[in-house]
Amino acid sequence: MDALEVVFMGLISVQTIGTSTEGRPLRLLKIATNDGVDKPAIFIDGTFHAREFISPATVESIFFQICRFALAYPNSKRNTLR
């Protein structure tokens, strides 16, 4: 998560929204341009069970692809981030 925030600085932010019952931070990735315009949002959760190693990686991959598209095609009509 932290690596994505560094690679896509200004587009991704990592936020902590609380703690688990074990005291671990609950973190999320947010993709936004902070342009002051309200836009539709989606929520993707990929950490349901402790031993599911692939679901968090899948969510990070989805975020990577969204950000890569947004930077590669800034003027595309499909790019709702810009």
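I'd like to know if segment 41-56 contains one or more residues that are within 11 Å of the chain's Cα centre (by Cα), polar (S, T, N, Q) and at pLDDT 80 or above.
No, that holds for no residue.
Scan segment 45-57 for residues that are in a helix (DSSP H, G or I) and surrounded by 12 or more Cβ atoms within 10 Å (Cβ to Cβ) and report the count. Give the derivation first.
Residues of segment 45-57 that are in a helix (DSSP H, G or I), as a first pass: 54-57.
Imposing the further condition that a residue be surrounded by 12 or more Cβ atoms within 10 Å (Cβ to Cβ) reduces the set to 55-56.
So the count comes out to 2.
Residue by residue through segment 8-44, note down the ones that are among the β-branched types (Val, Ile, Thr), outside any loop (DSSP other than H, G, I, E, B) and surrounded by 13 or more Cβ atoms within 10 Å (Cβ to Cβ).
Restricting attention to segment 8-44, the residues satisfying the condition of being among the β-branched types (Val, Ile, Thr) are 12, 14, 16-17, 19, 21, 31, 33, 37, 42, 44.
Still in the list and also outside any loop (DSSP other than H, G, I, E, B): 12, 14, 16-17, 19, 31.
Those that are among the β-branched types (Val, Ile, Thr), outside any loop (DSSP other than H, G, I, E, B) and surrounded by 13 or more Cβ atoms within 10 Å (Cβ to Cβ): 12, 14, 31.
In segment 8-20, how many residues are aliphatic (A, V, I, L, M) and either in contact (Cβ under 8 Å) with a residue 12 or more places away in the chain or closer than 14 Å to residue 59 by Cα (or both)? Spell out how you get there, then give the answer.
Residues of segment 8-20 that are aliphatic (A, V, I, L, M), as a first pass: 9, 11-12, 14, 17.
Now restrict to residues that are either in contact (Cβ under 8 Å) with a residue 12 or more places away in the chain or closer than 14 Å to residue 59 by Cα (or both): 11-12, 14.
The number of residues fulfilling the criteria is 3.
The values are calculated or read from the model by the stated rules, or taken from the named source; none is laboratory data. What you are looking at is a predicted structure, and each value in this text was computed from that prediction instead of being measured. Neighbour counts run over all protein chains shown; Cβ positions are idealised from the backbone, glycine included.
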